[in-house]
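Working notes, structure below.
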Amino acid sequence: MALTIDPTVGVEVASDAVARAMRAGAHAAKAVHGYSEGFEVSFDTNDVTLVRSTVSDDLSITVHVDTCEGTAQLTGRDHDAVDRAVAEALEAARAGQPDPANVLPEEPAEPATSSGDEVPDEEAMVDAVLQHIERMKADYPMLLSDSSSYAFSCSWSSYANSHGRVQHARRGAYGLSLLVTGKDGDQATSFNYGGMMGLAPFPDLTSLPPVRRLLDDTAASFDATPIPSTFVGDLIFTPESLGDLVSSVASALSGVTLIRKASPYAERLGEAVAVPGFHLLHRPSALASAPAFDGEGFPNVDLDVIRDGVLEHFLISWYAAHKLGRPMTTGLTDLVVAPGAEALDDIIASTERGILLGRFSGGQPNQNLDFSGVAKNSFSIEGGKVVGPITETMIAGNFQTALQQIRGISRETIDTGYSCYPWVATTGVTISTK
Amino acid sequence: MLDQLERHAGHLAPYTELRLHRNHQATIAMVGGTLMVNRARSMGGVSARSYKHGAFGFASLPSLSDDAVPEVLERASRNADLLQRRAGRSERDLPEAGAGTGVFDHRTGLPPLSSKEQVEVVRAIDDHLRSTYPDILNIDVTLSSLGIEKGLVTSTGAATYSYVPRCIVYVDLSFQADDGIVDIYDVFGGFGEAQDHLGDVDRMKPSLDALYRELREKAAGIYCEPGEHDVILDSDVAGILAHEAIGHTCEADLVLGGSVAGDHVGDLVASEKVTLVDFAGRAFDGGGGIAIDVDDEGTPCRDVTLIEKGVLKGFLHNKETARIMDEEPTGNARAFAYDDEPLVRMRNTAIMPGTDRLDDMIASVDRGYYFKRSTNGQADSTSEFMFGIGCGYEIVDGKIGRAVRDTTIAGVAFDMLKTITHVSDDMTWSHGGMCGKKQPMPVGMGGPAVKCRIGVGGR
C-alpha cells in the first residue's frame, strides 16, 4: 500500500495544532490526531462484491478559554485548514459556558505502543474470502450471505495537550463481519450477524468458533414457530445477546449517566447488584479491539467493575471525575464477563421452561433498565432440552433484576475480540406470544 | 466542487464514478444544565469506484485537492484489477441508467446562526424547562446539524452537485417516578439549517410543555399487557413501520440476501388501503426529511412504489442489483461519507394517506393502545420487525386512557399489514430518521395514522 501521507508524525501534527491554538488565544488546548489505512473485501453468497481501500487523516482540536470549551474536527493537516479549525474551536469556546470540570491532565508523556501488522497481504485476504464462499456453498448451501466483509486497518493515534502530555499508539487489526440468512424455497430464517476482530489475519474464516456457531445456529432456525403461550420463565443469554445486557448496565454505570442523575446504581457502590459469582470486568488487556489510550491520553488499563456481584467501580472518565468530584477510573468500556463453573449443557438441562436468546431485537432499554423486545435467532427450552427455533416471541423484564436473578454462568466463553462472554441464565422474564 | 470534477470527467475510464464529498456537522449538547459538547466538524475527501471485468474496486483519500484525484482513480482501478486477478471475473456490463445532471443546493440562503446563537437556543430550551418545571429530574438538549455536500461525475456522463442540510434538536426529559426513573424524548427541527428552524425558541415552547405533560403521564403510567392487540399507530410510528417493516425488506441487496419479499412480487401483502412509496426529491408534498435528485452512482432518482393498494410491486435498486435482477436502477445508491461506497438505501419512505379520521379510528377500538412515538426499530429478512415505543396510551371503550411505559411492538409485516383496517387522511414526516446499514444515513419517514393488530411487549 503506497503512502502519500507520513503516518508516523501524528504527535508532531497534534503538538503543532496545540501550539497554533495557544498562539491564537486558547488558555489550554489538546489535539487528537488519527491516521489509518484500511483494506476491505466485501462479499455476498456468490462473490466478492467490492475491494475497497481507504485512507483517513483526521484531527480534533479542543480549546479552553478560561473554563469554556470548544472543539473543531477536520480532515487533513494542512496548516491553513488547522488554523481555520482553531478559529472555529475558539469561537465555540467563547460562545460556551464556564465549567470548572474542563481541565486538562498534566501527567507526563506515556511510552508509545505498537501492535499488529502494518500492511496486510491483500491477495491472501481476497483468497481467504473466496475460500469461505466456496466452503459456505459446500457446508451451508441453504445460507445466503449479504453485506459481509473481511477487513484490515492500521491506525496511528496521537494525543498532545498544552501541558506537555503526549501519547502515541499504532495498531493493525483484522475484522470479519458476517450477515447470513437461511433460505429454502419460500422459507426464510431471520438474518443473523456477528463480528470478530484480531491482531493476526484469520486464515480460515469459516472455521472460526464464533463463525461456526453463527452458521450452525442459523441453519438450525428453519421451521421456527411461536411459543404456544405466554409465561414467566428463564432466559439464557448467549454470548452474542449478553452484550445487550452488558452495554445497558455499563451505560448505567457511566460517568455521564451519573452526571445526568439517571443511574439506578448511583447510590449502590459497594453493594451487591448481582449474584455472587458474577464478575463484570473492564479488560482491555484481553480484547483485540481495545484502544491503547482514552480521550485524554490515559493508558487503557484493566479495572474490576462488578466483582462477585458487588459494584466496585463506576466507569468514570477524567472529565466526569472532575464534574462529579469522584476518583477517575476509566472513560472506556472494554468489558468481559468472567466464566462460571457450570457446563452450558448442564445449565440447559436445569431449565424447566425458557428460551435460549440468540439475539435481542428490542427498544432501547430505559434509564430504569426495563427491556422489551423480540427474541431473534432463539430457541425454546422445555424440560431441560432445546426443542426448536422460535419466531414472533417477545421478552420483557429488567436488566437490574436479571443480574440479581442469575442462576447459572457457563464455563464456556466466546471471544470475538470485541468482547468475551459466557452463557448466562436468569429467571423471571416475561416471554410472550402473539 | 463540480467545476473541479468536470476537469477530470472526460478522462475517466469506463466504468468509473468520481466523488468529492464533505460532511459539515455541528453538535451542541447540554446535559443536566452543563454544556458538555460544543463541536464543529468538517470531514471530507475524494473517492472513486471502478467497475472492470465485472468487479468493483473502490478507493478514497482524505483530501479535496486536485492532486488527490489521479491517485484515487489509480487505486480504485488497481483494486478492481486485484479482484479480477484473484477471482477471474468475466466481463459484465452495468445497466443503462441515464446520467443525472444538475445543481441541487438546498440551503435557503438565510444568514447562518453563529456558534453563540446556537448555544443560546440550546440554553433557552433548557432554561424554559428548568424554570417552568422544577420537578424534572434531568434535561438533555442536543442540537445536531448535518450538511452533506457532494460533487459527482461518472464516465457515463453524470455531473451533479448537491448540498442537503438537516438540523435536529433532541430534548430528553427524565422524572423520578415511585418505581424508578422514567424518561421521554422528542425531536424538533428537520430539513434545513439551524437558521431555518431555530430563529424563535418561543414557538417551540408549546411543544416542550406538551412533552413535559407526556412525561408526567408516563411516570404515572402502566405497563402494557403482553400479546396481540388492536392498536392505532400514529403517523410517527407509521413512518418507521414504512421504513423498517417494508422498506428494508424491499431493498434489492437484502432481497438477494434472502428477504422473503423476493417471493411475493405481485402478491397481496397488505390491506388494499395500503400504498407505500419510496420518494425521490423531497417527496410528493415537498415535506420529505431528505432531498435526493441524483444518487451516488449518477442515476437520476425516481419514485418507487413498493406496495400499491396492498400489492407488492417492486424493489429498491442500485446498478449492480438491477443488473442481477434484470431491472432498472431506481436511484437508491447512497454513500454517507467520502470513504463510503454507495449502498442500496431508502430515501423518503411513506405510507400514503387514506380517508379515515384519527378520532374515529380511536373511537373504534374497544380495548387496545394508541402509540404516538417510536424510539428505535429493526427489520428482518422474514419481514418480522420491531419498534420501541417511547410514548403511548391505552384505549378503553374508544377513549384515550392512561399512558403506558416504554414497550416494544412487533409483527410479521406481510401478516400485520393485512390487518390494517383504517388509514387516516392526514400525514406527517418525522424529522430525525437516521438509518444504520453498515453506514449511517439520514432518511425521511412519513405516514398517516393506521389502525392494525400487532404484538405488544409487556409484563
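The values are calculated or read from the model by the stated rules, or taken from the named source; none is laboratory data. The model shown is predicted, which means the values in this text are computed figures rather than measured ones. When we count neighbours, we look across all protein chains shown, and the Cβ atoms used for this are built from the backbone with ideal geometry, even at glycine. Please note that ligands, DNA and RNA were not included when accessible areas were found on the heavy atoms of the full protein model with its side chains. Shrake-Rupley method; radii C 1.70, N 1.55, O 1.52, S 1.80 Å.
Please find the FRET efficiency linking residue B:268 to residue B:363, where r is the Cβ-Cβ separation and R0 is fixed at 35 Å, and quote it to the nearest 0.05.
On the way: r = 28 Å, r/R0 = 0.81.
Efficiency, from the Cβ-Cβ distance: 0.80.
Across the stretch A:309-358, Cα pairs under 8 Å and at least six residues apart give a relative contact order of 25 percent. Residues of the stretch A:77-103 whose accessible area, computed with a 1.4 Å probe over protein heavy atoms, drops by at least 30 Å² once all protein chains are present relative to their chain alone are A:91, A:92, A:95, A:97.
Across every pair of non-identical alpha carbons in the stretch A:220-272, the mean reciprocal distance, once inverted, gives a Kirkwood radius of 14.4 Å. Once you reduce the stretch A:112-130 and the stretch B:372-420 to the center of their Cα atoms, the two points are 45 Å from each other. Averaged over the residues of B:96-103, the number of partner chain Cβ atoms lying within 10 Å of the residue Cβ comes to 0.
Counting every alpha-carbon pair across the stretch A:220-331, the share separated by more than 19 Å comes to 55%. Each 5 Å bin from zero up to the one holding the largest Cα-Cα distance in the stretch B:340-456 carries the following percent of pairs: 2, 10, 16, 23, 23, 13, 6, 3, 1, 1, 0.
For the stretch A:153-192, the fraction of 1.4 Å probe accessible surface lying on carbon and sulfur atoms is 44 percent.
Can you tell me, using C-alpha contacts under 8 Å and at least 6 residues apart, the relative contact order of chain B as a whole percent? After rounding, I find 17 percent. In the stretch A:265-412, the DSSP beta bridges split such that about 95 percent are antiparallel, to the nearest 5. Close amide H pairs (under 5 Å, H built 1.01 Å from N) link residue B:52 with B:57, residues at least 5 positions away or on another chain. The translational diffusion coefficient of the stretch B:138-229, from Stokes-Einstein at 25 °C and 0.890 mPa s with a Kirkwood hydrodynamic radius over alpha carbon pairs, comes to 149 µm²/s.
Please compute the per residue accessible area over chain B with all protein chains in place, 1.4 Å probe, rounded to a whole number of Å². Intermediate results must be reported in sequence, preceding the final value.
Values: 15810 Å² over 459 residues.
Value for chain B: 34 Å² per residue.
For chain A, the relative contact order comes to 14 percent (Cα pairs under 8 Å, sequence separation of at least 6). Hey, any idea what % of chain B's accessible area is carbon plus sulfur with a 1.4 Å probe? The value for chain B is 47 percent carbon and sulfur by accessible area.
About its Cα centre, the protein assembly as shown has a charge dipole of approximately 760 debye under the convention of +1 per Lys or Arg Cβ and -1 per Asp or Glu Cβ, with nothing else charged.
Per residue, the accessible area of chain A comes to 36 Å², computed with a 1.4 Å probe over protein heavy atoms only.
The B-A contact accounts for approximately 6500 Å² of buried accessible area, totalled over both chains at a 1.4 Å probe radius. Placing +1 on each Lys and Arg Cβ and -1 on each Asp and Glu Cβ, with no other charges, gives chain B a dipole about its Cα centre of roughly 760 debye. Provide the gained length on full extension for the span residue A:66 to residue A:207, in nm with one decimal, where the gain is 0.36 nm per separating residue minus the Cα-Cα distance. Length gained between residue A:66 and residue A:207: 45.1 nm. What's the local net charge at residue B:232, with K and R +1, D and E -1, over the other residues with C-beta under 10 Å away? Around residue B:232, the charge tally is 0. Count Lys and Arg as plus one, Asp and Glu as minus one, and take only other residues whose Cβ is under 9 Å from that of residue B:167; the net charge is then -1. Whole-Hz Karplus values for the stretch B:371-385 come out as 9, 8, 9, 9, 10, 10, x, 8, 9, 8, 5, 7, 6, 6, 10 Hz, taken residue by residue from phi with 6.51 cos²θ - 1.76 cosθ + 1.60 and θ = phi - 60°; glycine and proline positions read x. Computed from the Kirkwood radius of its Cα pairs, the Stokes-Einstein diffusion coefficient for the stretch B:2-146 at 25 °C and 0.890 mPa s stands at 127 µm²/s. Residue separation of residue A:123 and residue A:387 scaled by 0.36 nm, minus their Cα-Cα distance, works out to 90.7 nm of gained length. Taking the 1.4 Å solvent-accessible surface of the stretch A:373-415 as the whole, the part contributed by carbon and sulfur is 44%. Burial of accessible area (probe 1.4 Å, heavy atoms of protein chains only) in the stretch B:373-397, relative to its chain alone, reaches at least 50 Å² for B:378, B:380, B:384. Residues of the stretch B:445-459 that lose at least 20 Å² of accessible area (1.4 Å probe, protein heavy atoms only) when the other protein chains are present, relative to their chain alone, are B:457, B:458, B:459. Residue by residue along B:403-416, Cβ atoms of other protein chains within 10 Å of the local Cβ number 4 on average. Its Cα gyration tensor gives the protein assembly as shown an equivalent ellipsoid, and the semi-axes of that ellipsoid, as √(5λ) in whole Å with the largest first, are 37, 34, 31.
Listed values for the stretch B:203-214 are Karplus-derived 3J(HN,Hα) couplings in whole Hz (6.51 cos²θ - 1.76 cosθ + 1.60, θ = phi - 60°), namely 5, 7, 4, x, 5, 5, 5, 5, 5, 4, 4, 5, and x replaces Gly and Pro. Relative to the Cα centre, the charge distribution of the stretch B:351-431, modelled as +1 at Lys and Arg Cβ and -1 at Asp and Glu Cβ, gives a dipole magnitude of about 260 debye.
Spin-label pair residue B:6-residue B:415: with each label point 7 Å from Cα along the Cα-Cβ axis, the two points sit 5.6 nm from one another.
Peptide B:252-264 has a mean shielding of 5, counted as Cβ atoms of other protein chains within 10 Å of each residue's Cβ. Separation of the stretch B:13-78 from the stretch A:271-303 is 33 Å, based on Cα centroids.
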